[in-house]
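S.K.: The structure follows.
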Amino acid sequence: MSDRNLCDETSLSQDLTSLDAVFSPRSVAVVGASRRRNSIGFSLIHNLLINEFAGTVFPINPHGGAIHSLKAYPSLTAVPDPVDLAVIAVPSSVIEGVVEEAIAKGVRGLVVITAGFAEVGDEGARLEERICQRVRDAGLRMIGPNCMGVINADRSVRLNATFAPTPATAGSVGFVSQSGALGVAILNVAEELGIGFTQFVSIGNKADVSGNDLLEYWENDEATRVIAMYLESFGNPRHFTEIAKRVGRKKPILIVKSGRTTEGARAASSHTGALAGADVTVSAFLEQCGVVRANSIADLFDIARALDRCPLPRGRRVAILTNAGGPAIMATDACVNLGLEIATLSEATRAELASFLPPEASFGNPIDMIASADAAGYGRALTVLLADAQVDMVMVINVKPLVGDPRDVMEAVNESVRAANAGAGAGKPVLAVIMATEEFYAEVQRRTDQPPVYRFPEPAARALAMLSRYATWRRRPADESPIEFEVPDDEVRDILAAPASGYLDPCAAFRVLELYGVPVVPCRMVTEPEAALAAATELGYPVVLKAHAPDLVHKSDSGGVVVGIGNEAELRQEIAAMRQRLTAAGHPPSGYLVQEQIRAAGHEVIFGISTDPRFGPLLMFGLGGKYVEVLRDVRFAVTPLTAAEAKDVIRRIRGVALLDGVRGEPPADVELLVEVLLRLAQLAQRHPRIRELDINPFLAAPRGGRAVALDVRIRVEPSADDSA
Ligand code: ADP
Ligand code: MG
């Protein structure tokens, strides 16, 4: 599908309420209506009628006659009454005439189903641009072209202006799809899962109305509680960020973003470049915007159901209530893997549970009520758990008992949730995992007045994790702006401009960090052995010797790093040996770096910058040293970066426990790491010449220790700003 947003600038000035002409028209004309069954022109009329559109429908067909028992008019002009919305399904060769006619007729909204525009090539793109410009000049709004249509399921409108075979039920999800074909699949899945929509929009080539416009439309629409999007591209990431961050404060935005292919070729000689695929950029970007990313359509709806029906959790602690051990173990694993915590129940809760559950039950967490548990037991136990201040959310698991009916269990769960949520506070999310028969699901999935029901623990755990992640994002201060550090940017710019392109020499790279307030290890760059000896004396033994050769990327791979050199004699010897080794390996050294040897305690971490052609600078943090590519324990962020976001990046690496200190080790100074990341974010943003930067390792020392960059590489390239 086309990624062009042809009239991007002017879209900002369009009046959003004018989308009402598209969603709530009083009358709809279908231009290109057909008597031929199974044709698009027939299906459009059929869907408007069988969904009982509240307004008037006018089929337009050059031969007139009757279509679906409605009188057909030969043209828009021939319609005697006003027309608010025109749905257009004529060949692209005659589209311009139809658009002119619609404008002359006073139509206010267009849905262009017709394909053959920007998605087929330059000529189509020019045609698309012409009609888009014409529509905007005349003050209309247009969905498409090359789309499946729009639905407004609101019961007072009941507009189904699509050719999709599945109708949409009324509900609270606003959905926008960039793919028409997928739109049909989405409607099918939604139907099965009992998901209802406010509006459903297939935006096609999004020449006029974009995903951003719809976000803004739904922002203040009371009926829309969750916004879901299937996207293949972001028209303008910066504009999206601004809107999503604002709208996300009011209601959750869920996205399935396809296109896990690379958006631009990336030179991957750096660690950061090698670890950053195009997809991590998108993930990091969405996460920072507070957008929840789903992996599939099914995943999207699993999360949407929870977001729609549950209050947001205040923390990450889950209680699992079950009548069977196996699924509870699976649930526990899934929750922990997704970053949730298994709640530690209070003493009072345990005592109360013990007062009515059989002695064989287990009162830890998961709370296993064993197979004899009945509906009343579920209700009572759930009420106790929801009252525990150490529990933020509950997953109820029920494997169909030998006797009894899971419907009764659901009823008891409902009762308990209703009672708990009626009390003070916002309530707590409860999800149900019911392993039962098809009849049960068929009946239960249509009910939206009860906790969402899942067939297995994993999707329920994911939904809880996403609720918690979104809730955490929402708790962040809204107006936090990136901190600005005072730094000598002019001096940095001069250093970065010295090479036309390629790597800075090591001293220059260290100097850039130093100027930006990132602590670095004291070092000297020399070319002659005698100078190395002088440098070592100045720095003090022991020292580290590193070879410098223009094409030497990972120095220690070729024996280009020697640590623990204790005196002059050893240094002399090591220089000679290193020269020999590296020359044999095809990297004759052009110089040497002598560094103070840091013997402080700490963990080796990595900081990195790479650039994404669409999103701009990308920052990375993770566990570093020579195993970074093996561990792959890194997280990414896009700029601008706030302090809360930087902290999140650091806290969310898998091995964060190492930084917190294990086996009696003192914790690393995480605040300093956050600051380094923020300083690098500013460096990346202000100096677009930097294409890649790796600090590997940075020694993450305890507070007050010697936290310093031990190795850094910076690759520069001329940027667009250079000419200015
Ligand atoms: P490269 O990444 O090119 O192989 P580094 O400069 O990162 O080379 O050094 C490799 C390893 O040597 C580092 O991961 C670190 O463990 C150790 N090291 C490097 N410089 C120092 C130093 N100044 N003090 C202590 N250890 C060092
Ligand atoms: Mg290194």
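The values are calculated or read from the model by the stated rules, or taken from the named source; none is laboratory data. Just so you know, these numbers come straight off a predicted model, no measurement behind them. Glycine gets a Cβ as well: all are built from the backbone with ideal geometry, and neighbour counts include every protein chain shown. Side chains are part of the model used for accessible areas, which takes the heavy atoms of the whole protein and leaves out ligands, DNA and RNA. Shrake-Rupley method; radii C 1.70, N 1.55, O 1.52, S 1.80 Å.
S.K.: Efficiency by 1/(1 + (r/R0)^6): what FRET value for residue 220 and residue 155, r their Cβ-Cβ distance, R0 = 22 Å, to the nearest 0.05?
M.R.: After rounding, the FRET efficiency stands at 0.65.
S.K.: Placing unit charges on C-beta atoms (Lys and Arg positive, Asp and Glu negative, everything else neutral), compute the dipole magnitude of the chain about its Cα centre in debye, rounded to 20.
M.R.: With Lys and Arg at +1 and Asp and Glu at -1, about 1000 debye.
S.K.: Given a Förster distance of 45 Å, report the FRET efficiency between residue 100 and residue 474 from their Cβ-Cβ distance, rounded to the nearest 0.05.
M.R.: 0.45
S.K.: For segment 44-126, what is the accessible area per residue in Å², given a 1.4 Å probe and the full set of protein chains?
M.R.: Result: 43 Å² per residue.
S.K.: Using only Cα atoms and rounding to the nearest 10 degrees, what angle (0 to 90) does helix 406-422 make with the longest principal axis of the chain?
M.R.: The helix 406-422 is inclined about 70 degrees to the chain.
S.K.: Averaging sequence separations of C-alpha pairs under 8 Å and six or more residues apart, then dividing by the length of segment 603-723, give the relative contact order as a whole percent.
M.R.: Normalised by residue count, the contact order of segment 603-723 is 28 percent.
S.K.: What does the highest-first list of 603-616, 201-214, 440-453 look like by mean Cβ count within 10 Å?
M.R.: 201-214, 603-616, 440-453
S.K.: Using θ = phi - 60° and the Karplus curve 6.51 cos²θ - 1.76 cosθ + 1.60, what whole-Hz ³J(HN,Hα) does each residue of segment 33-46 get, with Gly and Pro shown as x?
M.R.: Calculated HN-Hα couplings, in order: 5, 9, 8, 6, 4, 6, 7, 4, x, 7, 4, 4, 5, 4 Hz.
S.K.: Here's a follow-up. Ordered by packing density, taken as the mean number of other Cβ atoms within 10 Å over each peptide's residues, highest first, how do 538-544, 479-485 rank?
M.R.: 538-544, 479-485
S.K.: Largest first, how would 56, 332 line up by accessible area (1.4 Å probe)?
M.R.: I get 56, 332, largest accessible area first.
S.K.: Next question. Quote the relative contact order of the chain in percent (integer), defining contacts as alpha-carbon pairs under 8 Å separated by 6+ residues.
M.R.: Relative CO of the chain lands at 9 percent.
S.K.: Just the accessible area per residue of segment 522-597, please: how many Å² with a 1.4 Å probe?
M.R.: 47 Å²
S.K.: Which semi-axes, in whole Å and largest first, does the equivalent ellipsoid of segment 522-597 have when worked out from the alpha carbon gyration tensor as the square roots of 5 times its eigenvalues?
M.R.: 19, 11, 11
S.K.: When DSSP assigns beta bridges and you keep just the ones with both residues in segment 310-475, what percent turn out antiparallel, to the nearest 5?
M.R.: About 5 percent, rounded to the nearest 5.
S.K.: How would you classify segment 310-475 from its alpha-carbon gyration tensor, with a ≥ b ≥ c the square roots of the eigenvalues: rounded for a/c under 1.5, else prolate if a/b is greater than b/c, otherwise oblate?
M.R.: It is rounded, given that a/c, with a ≥ b ≥ c, falls under 1.5.
S.K.: What list of ³J(HN,Hα) values in whole Hz, one per residue of segment 208-214 in order, does the Karplus curve 6.51 cos²θ - 1.76 cosθ + 1.60 (θ = phi - 60°) give from phi, with Gly and Pro shown as x?
M.R.: 10, 6, 10, x, 4, 4, 6
S.K.: How many nm separate the modelled label positions at residue 656 and residue 626, each set 7 Å beyond the Cα in the direction of the Cβ?
M.R.: 3.0 nm
S.K.: Suppose the chain between residue 537 and residue 346 were pulled fully straight at 0.36 nm per residue; how much longer would it get relative to their current alpha carbon spacing?
M.R.: Gain in length upon complete extension: 62.6 nm.
S.K.: Set Lys and Arg Cβ to +1 and Asp and Glu Cβ to -1, take the dipole of the chain about its Cα centre, and tell me which of 445, 389, 205 lies farthest positive.
M.R.: After comparing all options, I get 445.
S.K.: Would you please give the FRET efficiency between residue 553 and residue 192, computed as 1/(1 + (r/R0)^6) with r the Cβ-Cβ distance and R0 = 45 Å, to the nearest 0.05?
M.R.: 0.30
S.K.: Go through 554, 63, 587 and list them by solvent-accessible area, largest first, probe radius 1.4 Å.
M.R.: Largest to smallest exposure gives the sequence 63, 554, 587.
S.K.: How big is the dipole moment of segment 522-597 about its Cα centre under a simple scheme where the beta carbon of each Lys and Arg is +1, that of each Asp and Glu is -1, and everything else is neutral? Debye, nearest 20, please.
M.R.: About 180 debye.
S.K.: For the chain, give the share of DSSP beta bridges that are antiparallel, in percent and rounded to the nearest 5; count only bridges with both residues there.
M.R.: Close to 50 percent.
S.K.: Non-local amide H neighbours of residue 319 (under 5 Å, H modeled in plane, Pro and chain starts lacking H): which ones?
M.R.: 343, 392, 393, 394, 395
S.K.: With the Cα gyration tensor of the chain giving a ≥ b ≥ c as the square roots of its eigenvalues, does the rule (a/c under 1.5 for rounded; else a/b larger than b/c for prolate; else oblate) give rounded, prolate or oblate?
M.R.: Oblate, since a/c reaches 1.5 and b/c is not below a/b.
S.K.: Which of the peptides 157-163, 471-477, 292-298 is most tightly packed, and how do the rest follow, judged by the mean count of other Cβ atoms within 10 Å per residue?
M.R.: For the peptides 157-163, 471-477, 292-298, the packing ranking is 157-163, 292-298, 471-477.
S.K.: Would you please give the residues with an amide H less than 5 Å from that of residue 448, counting only those at least 5 places away or on a separate chain, with H modeled from the backbone geometry?
M.R.: none
S.K.: Further question: Tell me the angle of helix 278-288 to the major Cα principal axis of the chain, expressed in degrees between 0 and 90 and rounded to the nearest ten.
M.R.: In the chain, helix 278-288 runs at an angle near 80 degrees to the longest axis.
S.K.: Continuing with this model, one more query. Would you mind telling me the share, in percent, of accessible area of the chain contributed by carbon and sulfur at probe 1.4 angstrom?
M.R.: In the chain, the share of accessible area belonging to carbon and sulfur is 52 percent.
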